[in-house]
1. When the stretch 1-27 is examined, which residues are found to be modelled with pLDDT under 70, farther than 16 Å from Asp48 by Cβ and open to solvent by 100 Å² or more (accessible area, probe 1.4 Å)?
2. What number of residues within the stretch 43-94 are farther than 14 Å from Ser26 by Cα, of a type in the set (S, T, N, Q) and either open to solvent by 80 Å² or more (accessible area, probe 1.4 Å) or within 10 Å of the chain's Cα centre (by Cα) (or both)?
Amino acid sequence: MNFRHLLSNTIKQIKTAIGEVIEFQSRIWVINIHEGTLNDESFIINEDNFQEPMQWMVKRQYSPEMIEKVDAMKRSQIVVLILNNVEHRLIRVK
């Protein structure tokens, strides 16, 4: 492997890593937690202030499978998850 090829691969890896950091820090979700007819809670999650991706889900004790599913969401996609027998509807806005 020559130096030019090695340098090119390193630059690609750096670009990918920077892109991933920028991507997660700009993601926004609308979350609706539906516990029953009279008990709905909705809020907006913005990862700008987080130190790692999905930090808000980890704190709420979402499973690794749930976190993986939400992490892979595209813009305007909706995912419904069940956590402790409560329906969580997530919409990725940005």
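The values are calculated or read from the model by the stated rules, or taken from the named source; none is laboratory data. Quantities reported herein were computed from a predicted structural model and do not represent experimental measurements. Positions of Cβ are backbone-derived with ideal geometry, glycine not excepted, and every protein chain shown enters the neighbour counts. Only protein heavy atoms, including side chains, enter the accessible area calculation; ligands, DNA and RNA are left aside. Shrake-Rupley method; radii C 1.70, N 1.55, O 1.52, S 1.80 Å.
1. Met1, Phe3 - these are the residues of the stretch 1-27 that are modelled with pLDDT under 70, farther than 16 Å from Asp48 by Cβ and open to solvent by 100 Å² or more (accessible area, probe 1.4 Å).
2. 4
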